[in-house]
Structure formats: C-alpha cells, structure tokens
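Reviewing the structure listed below.
The values are calculated or read from the model by the stated rules, or taken from the named source; none is laboratory data. Computed from a predicted model, the values in this text were never measured in an experiment. Neighbour counts are summed over all protein chains in view; Cβ atoms, including those assigned to glycine, are modelled from backbone coordinates with ideal geometry.
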Amino acid sequence: MTEENESDGESTLTVVLAGGVNLLIAIMKLVAGVITGSGAMLSEAAHSFADTITEVLLLTALRTSERPADRKHPFGYGKERYFWSLLAAVSIFASGAVFSLFEGFSTVFGKPEEQTNVLVSYIVLALSFVMESTSWVQAVRQVRKDSAEANQSIAEYLRLIDDPAPKTVLFEDSAALLGLLIAFAGIGLHQLTGSSVWDGAASIAIGVLLAVVAYLLGRTNRGLLIGRQADPKMVRGINDHLGAAPEIEAIVDLQTMLMGTDQVLVCARVDFDDALGAADVERACVRLAEELQTQFNDVTEVFIEPVPRTDPTLRAAVLARYGELGETWGQ
C-alpha cells in the first residue's frame with residue numbers, strides 16, 4: 001500500500017467514525033431537546049446534524065477526488081476534495097450556526113419557558129461528550145501522525161495542510177466538545193436562576209462558535225481551490241535541486257501549485273548553458289523531471305521551459321510576484 005493510499009484510508013476512517021458518532025448524538029440531543037424544551041439542547045442537535053452532513057460531504061470528497069485523469073480533466077480530480085470540503089464548511093454555517101443563532105435569540109427575546117426533565121439533558125450531554133471524545137481522539141491521532149511524518153509542528157501542519165478532511169473533523173469535533181460545555185453551562189444556569197435567558201445565551205454562543213469554525217474551514221478550502229503553492233520547504237528543495245544541475249546556469253522562475261492531496265504541479269523556467277544542444281536540453285528536462293518526482297513524492301507533474309534570464313518582461317513578472325526571491329532566482 002502506498003503512502004498516499006494509507007493517508008486516504010486514515011482520512012476515510014476518521015470521517016466515517018465522526019459521521020456515525022455525530023448521527024447518533026444528533027438523535028439523542030433532538031429527543032432530549034423536545035422532552036426538556038431546552039433551546040441550547042435543540043441548538044446542539046442542529047450542531048450535530050450539521051456535523052453529520054459535513055461528514056457525508058467529506059466522504060464524497062474523498063471518493064470523487066480519487067478518480068484518474070481523463071481527457072476533460074488531464075490533471076485529475078484532486079481538487080474535488082477541496083470543493084466538497086468547502087460545501088462542508090458552508091453546511092456547518094447554514095445548518096448549525098444559523099439555526100443556533102435563531103433559536104438563541106428566540107429564547108432570549110421570546111416568552112420565558114420552563115425547563116422540564118433537566119436530568120435528561122445532563123445525561124445526554126454527558127453521553128455525547130464521551131462519544132464525541134472518541135471521534136476527537138481519532139482526529140487528533142491522525143493530525144499528530146501526519147504532522148510528524150511531514151516533520152512539522154501541528155500548527156504548521158494545519159496551516160499548510162493539503163487534505164482538508166482531518167482538519168475539518170478536528171475543528172468540528174473540537175467545536176462540538178466546547179459546544180457541549182456551553183450547553184451544559186446554559187442549562188445549569190437556567191436551572192439555578194430560573195431564567196431562560198441563560199439557555200438562549202448558550203445557543204447564541206454555540207451559533208457564534210460554529211460560524212467561526214465555518215469561516216476558518218472555508219478560508220482554508222478557498223485557498224486550496226484558488227491554487228495555493230506547495231509547502232515552502234518543498235519549494236526550496238526543488239529550487240536547490242534544479243540549481244545544482246550542471247546544465248542549468250540560473251533558475252528564472254519557479255511556480256508550484258497543489259492540484260489535490262499529495263499532488264503538486266511544478267513549472268520551472270530555467271536558463272540552460274548556451275553550449276548545450278537541443279537534444280542535450282531535452283534529455284536534461286526529462287532527467288530533472290524524473291529526479292524531482294523521485295525525490296519529492298508529492299510532485300506529480302513537472303514542466304521545465306528553457307528561457308533566457310535576461311528577458312526583461314519575464315524578469316519583471318517574476319520580481320513582481322516574488323520580490324527579492326525573484327532576484328535570487330534570476331542570478
């Protein structure tokens with residue numbers, strides 16, 4: 001089994017586990033919310049249903065992105081994962097945050113309501129916390145494992161991640177655990193004070209929490225869909241490898257883009273030694289492409305274009321994009 005297949009298998013396990021747990025929890029919370037009349041509990045039910053929809057979308061992302069390249073999509077379907085993951089972020093906001101905010105404001109500014117069977121809410125919240133923790137532990141385990149393999153800190157890994165599935169599950173499970181604590185506080189304060197305002201305030205807090213999570217995940221997938229560059233460490237490694245080639249006098253431009261999870265496109269414009277013939281340049285391009293794909297497992301496509309380093313238009317474009325780094329490449 002390849003490293004990429006192992007990663008996909010781990011992501012699938014994380015998503016399926018989270019989806020099953022969230023669906024069961026959502027049903028429990030909904031029943032408890034109807035029995036107790038707690039706005040915070042109903043908001044938590046909406047939260048869990050939104051998370052369940054999210055897992056379905058993530059599972060769709062994992063499946064559709066694995067399709068091989070064809071004539072219409074010569075670079076493959078890797079970015080399908082980013083599209084469906086973006087929809088998952090929208091789902092968290094539309095299905096969870098909006099309902100929680102509506103329920104919260106309705107409770108705060110509406111007619112005061114009495115709580116009934118509060119013990120049911122506490123039991124469901126406690127069971128939900130234990131079950132949600134199981135999914136959260138799996139998400140944390142995958143993120144720690146993947147960040148260690150990438151030789152990155154967890155924060156750096158989450159910032160540069162090219163597989164949104166584990167990040168989405170980690171963020172939504174973390175929000176779920178925090179949301180359960182908020183719901184517990186709201187229900188408890190409602191019971192102690194007799195004021196349903198606390199219950200509504202908890203629903204509003206849960207809505208805000210979900211909106212923040214949805215924004216963070218949406219921003220990540222937006223960057224990946226637009227076309228983000230590869231890990232800066234990989235870019236520097238590619239630059240160093242090409243710069244060390246005896247046939248190359250200077251790297252004029254180097255562009256990379258994530259085409260999907262573990263799929264990197266490399267486009268390099270280089271100034272070859274003028275003493276080389278056309279056949280020598282062709283052989284060098286083929287050899288360097290193979291070397292890059294061997295040294296960097298995520299590199300799937302390599303394009304090397306011979307250009308003169310003195311071309312003013314190209315040089316200006318590189319400097320405008322990279323600044324001082326462009327100056328370094330042009331030397």
The listed residue being part of a helix (DSSP H, G or I) and buried (at least 23 other Cβ atoms within 10 Å of the Cβ), out of ALA94, ALA26, ALA50: ALA50
Among (1) of a type in the set (A, V, I, L, M); (2) without any contact (Cβ under 8 Å) to a residue 12 or more places away in the chain; (3) crowded, with 20+ Cβ neighbours inside 10 Å - the single one ILE204 does not satisfy: (2)
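Here is a list: VAL118, VAL130. Which entry is in contact with a helix residue (DSSP H, G or I) (Cβ under 9 Å, 6 or more places away or on another chain) and surrounded by fewer than 21 Cβ atoms within 10 Å (Cβ to Cβ)?
Numbers: VAL130 fails: in contact with a helix residue (DSSP H, G or I) (Cβ under 9 Å, 6 or more places away or on another chain).
Going through VAL118, VAL130 in turn, the sole match is VAL118.
Quick grid of which residues meet (1) over 21 Å from LEU177 (Cα atoms); (2) in contact with a Leu (Cβ under 6 Å, 6 or more places away or on another chain); (3) not β-branched (Val, Ile, Thr):
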{"position": "VAL90", "(1), (2), (3)": "no, no, no"}
{"position": "PHE93", "(1), (2), (3)": "no, no, yes"}
{"position": "VAL98", "(1), (2), (3)": "no, no, no"}
{"position": "PRO112", "(1), (2), (3)": "yes, no, yes"}
{"position": "LEU119", "(1), (2), (3)": "no, no, yes"}
{"position": "ILE123", "(1), (2), (3)": "no, no, no"}
{"position": "ALA126", "(1), (2), (3)": "no, no, yes"}
{"position": "PHE129", "(1), (2), (3)": "no, yes, yes"}
{"position": "GLU132", "(1), (2), (3)": "no, yes, yes"}
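Out of curiosity, is GLN138 assigned to a helix (DSSP H, G or I), surrounded by 17 or more Cβ atoms within 10 Å (Cβ to Cβ) and modelled with pLDDT of 85 or more?
On the way: assigned to a helix (DSSP H, G or I): yes; surrounded by 17 or more Cβ atoms within 10 Å (Cβ to Cβ): yes; modelled with pLDDT of 85 or more: yes.
Answer is yes for this residue.
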Which numbered condition ASN151 fails, given (1) under 24 Å from VAL264 (Cβ atoms); (2) in contact with a Gly (Cβ under 6 Å, 6 or more places away or on another chain): (2)
Spans of helices (runs of 4 or more DSSP H) in the stretch 155-245 with at least 2 residues closer than 30 Å to VAL286 by Cα, over 15 Å from the mean Cα position of the chain (by Cα) and of a type in the set (D, E, K, R): 232-243
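Only one of LEU217, LEU314, LEU292, LEU224 is of a type in the set (A, V, I, L, M, F, W, C) and modelled with pLDDT of 95 or more. Can you tell me which? Spell out the reasoning first.
Values: LEU217 fails: modelled with pLDDT of 95 or more; LEU314 fails: modelled with pLDDT of 95 or more; LEU224 fails: modelled with pLDDT of 95 or more.
Among LEU217, LEU314, LEU292, LEU224, only LEU292 is of a type in the set (A, V, I, L, M, F, W, C) and modelled with pLDDT of 95 or more.
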